[in-house]
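Notes follow the structure.
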Amino acid sequence: MRIGYLVYQIVFDILPKTLYNKTVMKQLISSVLKRRPKDPTYVALDIGTEFVKALVFKIEDGKAVIRGVGRQRQRLGDMHGGAVTDISGCVENCAKALDVAEESAGMVSDYAVIGIAGELVKGTTTTVHYERLKPKTRIDLNELKNIVNKVQWKAFDQARKQLAWETGHEAVDVKLVNASIVDVKIDGYRVTNPLGFQGKDVSIGIFNAFAPLVHLGALQTIASDLDLELLSIAAEPYAVAKSVGSEEAGEFSAIFIDIGGGTSDVAVVRNGGLEGTKMFAIGGRSFTKRLSQVLNTSFSKAEEIKIAYSKGELEKESEVMVREALEADTEVWLSGIELSLSEFSDVDLLPSRILLCGGGSALPEITKALEGKDWFKDLPFAKKPQVSFIKPEEVNNIVDKTGEIKNQQDVTPMGLANLALLIDTEEEVLPSILSKAVKVMQN
């Protein structure tokens, strides 16, 4: 059991209610439990539609060293389309997954990085072109801050308008989740640090992920109820895309597709820069529901059959029946991928490499659909894309000491763990300025 829960239970069960003020006691206990440790322990929480996954880790020599792994299946009503629908149910499931991970690790978590997904999480790259009045003067810190702020507020306005259009509510309260520098050019010449350069035309591209406040608030409540200090909430496709590929960030390009229980998340990375993310509400549960209807069986039984089919454990006759039942939904899913990629209208050429992760990607129909059809013909691909799974060992800066991380279904929480290494460690000027702008917008 979580330490906070245990302390509260002992205090509240033993003492007469007349002897304490519940709110004051909680605040007092929390303050004791949350004293900033010298050697903190972190947890990456992937609160998925189908499973909660918890990775407990320490940061050692610039690596996230995983010491404990915990998983807990969600109930059907706890999540929908990647978003929390029952906070108390999710807290209970997260606590169970965390208990297993912490017991395995032999340590209690202090800080959490939590993933967020769902159709209303919007990630896009915004580029601002800035013409300098005095091109012969050198770019200084104040000028750079001004340019970054312009980019950020332009992106914020675009995100609010997009969500207002999609939801039908004009006053959607959105907050910035993640931000990352994608590209910086001066007179067409790419630079990593614009300070001190001369030039007339400056362009800065920044990837931003925004989410409705209601979704962020639910995750903040979950962290609080688990007695965890929230280090960051991260858009899951952003976390995956940032954690895989060459750390030199030069020429790495790929399309990431993370198929979870409730959603499929798409991220496009070109030349080391994240162009944007798209999400749509078709995931593993959609296929399970189809099987449940066709086979006239319960959802849980259909899930067992789907997993057995993915592992090639069904008899021939049953395998054919399941394959035929899933074909139509696979076509719909593939249409969602086509539509998502077509929305990257600013991308001249899409990467010809597709990397899959998430539990839903294990379904054989997924790779067959991506490899066996001409779905890509109407999209800006130079050639037919090659499809492969992301292996856990391909995630940057992660060391698994448990031996329990074995396939692509754990890549997303590993990506969240990788982000913990980047938070509050930016030493370069431009990321530092962006970090400060982000904190202003988040507050």
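Odds and ends about this structure:
- Test set (1) surrounded by 16 or more Cβ atoms within 10 Å (Cβ to Cβ); (2) modelled with pLDDT under 95; (3) closer than 25 Å to ALA362 by Cβ - MET414 fails condition number: (2)
- Filtering region 355-386 to residues that are among the aliphatic types (A, V, I, L, M) and over 27 Å from VAL52 (Cβ atoms) leaves ALA369, LEU370, LEU379, ALA382.
Matching residues to (1) closer than 20 Å to LEU230 by Cα; (2) assigned to a helix (DSSP H, G or I); (3) in the same structural domain as VAL347 (by TED's automatic domain parsing):
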{"residue": "SER88", "(1), (2), (3)": "yes, yes, no"}
{"residue": "CYS94", "(1), (2), (3)": "yes, yes, no"}
{"residue": "GLU102", "(1), (2), (3)": "yes, yes, no"}
{"residue": "MET107", "(1), (2), (3)": "yes, no, no"}
{"residue": "VAL113", "(1), (2), (3)": "yes, no, no"}
{"residue": "HIS129", "(1), (2), (3)": "no, no, no"}
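- Filter pass, VAL128 being within 23 Å of ALA267 (Cβ to Cβ), in contact (Cβ under 8 Å) with a residue 60 or more places away in the chain and over 24 Å from the mean Cα position of the chain (by Cα): yes
- Filtered by the rule that a residue be aromatic (Phe, Trp, Tyr) and not in a helix (DSSP H, G or I), region 285-310 gives no residues.
- Count - residues of region 81-118 that are free of Cβ contacts under 8 Å to residues at least 12 places away in the same chain and within 19 Å of the chain's Cα centre (by Cα): 1
- Residue within region 167-177 that is among the hydrophobic types (A, V, I, L, M, F, W, C), touching a Pro at 6+ places or on another chain (Cβ under 7 Å) and in a strand (DSSP E or B) present: yes
- Given (1) in contact with a strand residue (DSSP E or B) (Cβ under 8 Å, 6 or more places away or on another chain); (2) over 30 Å from ASP400 (Cβ atoms), index of the condition ILE114 fails: (2)
- Test: residue in region 264-280 that is under 15 Å from the mean Cα position of the chain (by Cα), in a loop (DSSP other than H, G, I, E, B) and at pLDDT 85 or above: no
- ASP329 under 22 Å from GLY415 (Cα atoms), touching a helix residue (DSSP H, G or I) at 6+ places or on another chain (Cβ under 9 Å) and not in a loop (DSSP other than H, G, I, E, B): no
- Sole residue being more than 20 Å from GLU343 (Cβ to Cβ) and in a strand (DSSP E or B), chosen from ILE257, ILE233: ILE233
- Number of the condition not met by SER342 [criteria: (1) in contact with a strand residue (DSSP E or B) (Cβ under 9 Å, 6 or more places away or on another chain); (2) of a type in the set (S, T, N, Q); (3) surrounded by fewer than 20 Cβ atoms within 10 Å (Cβ to Cβ); (4) at pLDDT 90 or above]: (1)
- Search result, residues across region 342-369 that are within 18 Å of the chain's Cα centre (by Cα) and in a helix (DSSP H, G or I): GLY359, GLY360, SER361
- Subset tally (residues that are closer than 10 Å to SER104 by Cα and either of a type in the set (Gly, Ala, Ser) or at pLDDT below 95 (or both)) for region 53-75: 2
- Of the set (1) touching a Leu at 6+ places or on another chain (Cβ under 7 Å); (2) more than 24 Å from GLN74 (Cβ to Cβ); (3) crowded, with 24+ Cβ neighbours inside 10 Å, all apply to ALA254 but (3).
- Residue among GLU313, GLU319 that is part of a loop (DSSP other than H, G, I, E, B), at pLDDT 90 or above and surrounded by fewer than 21 Cβ atoms within 10 Å (Cβ to Cβ): GLU313
The values are calculated or read from the model by the stated rules, or taken from the named source; none is laboratory data. What you see is a predicted model; the values in this text were computed from it and never measured. All Cβ positions, glycine included, derive from the backbone under ideal geometry; neighbour counts span all protein chains shown.
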